[in-house]
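Following: one structure in structure tokens, then a few remarks.
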Amino acid sequence: MKTKKLPVKLTSYVFAFYMAGIMAMLMCLIITGVNQGLSSHYISDVLHAYKIAMPAAFICVLIVRPIVAILVKKTVHVT
């Protein structure tokens, strides 16, 4: 079975989407746990926070990624 893949020109957007999704979820899990503890509605609270955090993180990663790429080029010696 052959899987359809996105075109290579969308690589930076796919990277930003996955990075934002994973980081937003981890941060929501941690911050909700620290602020509210592990209550019976912990997962519900995390998912509610994630609905807000994921789009914000996606936009932020799209904005910050080019800046980070420049900083990496300036600080890492490539042979």
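The values are calculated or read from the model by the stated rules, or taken from the named source; none is laboratory data. All figures in this text were calculated on a predicted structure; none of them were measured in a lab. Don't worry about glycine lacking a Cβ; one is built from the backbone with ideal geometry, like all the others, and counts go over all protein chains shown. Side chains are part of the model used for accessible areas, which takes the heavy atoms of the whole protein and leaves out ligands, DNA and RNA. Shrake-Rupley method; radii C 1.70, N 1.55, O 1.52, S 1.80 Å.
Considering V78, V61, V34, V72, the condition of being closer than 23 Å to T11 by Cα and either assigned to a loop (DSSP other than H, G, I, E, B) or open to solvent by 100 Å² or more (accessible area, probe 1.4 Å) (or both) is satisfied by V78 alone.
Working only within the range 1-31, note down all residues that are outside any loop (DSSP other than H, G, I, E, B) and of a type outside the set (A, V, I, L, M). Show your work before the answer.
In the first step, residues of the range 1-31 are kept if they are outside any loop (DSSP other than H, G, I, E, B); the result is 8-31.
Answer for the range 1-31, where residues must be outside any loop (DSSP other than H, G, I, E, B) and of a type outside the set (A, V, I, L, M): K9, T11, S12, Y13, F15, F17, Y18, G21, C28.
Give me a count of the residues in the range 1-25 that are of a type outside the set (S, T, Y) and surrounded by 11 or more Cβ atoms within 10 Å (Cβ to Cβ). Selection size over the range 1-25: 12. Contact annotation: residue pairs with Cβ atoms under 8 Å, 6 or more positions apart or on different chains, pairing a residue in the range 1-25 that is farther than 28 Å from S44 by Cα with a partner that is open to solvent by 90 Å² or more (accessible area, probe 1.4 Å), are S12/R65.
Among the residues of the range 37-58, the ones that are on the phi < 0 side of the Ramachandran plot and not in a helix (DSSP H, G or I) come to 4 in all. Of all residues in the range 38-55 being open to solvent by less than 60 Å² (accessible area, probe 1.4 Å) and of a type outside the set (F, W, Y), which is modelled with the lowest pLDDT? Across the range 38-55, the extreme among qualifying residues is S39.
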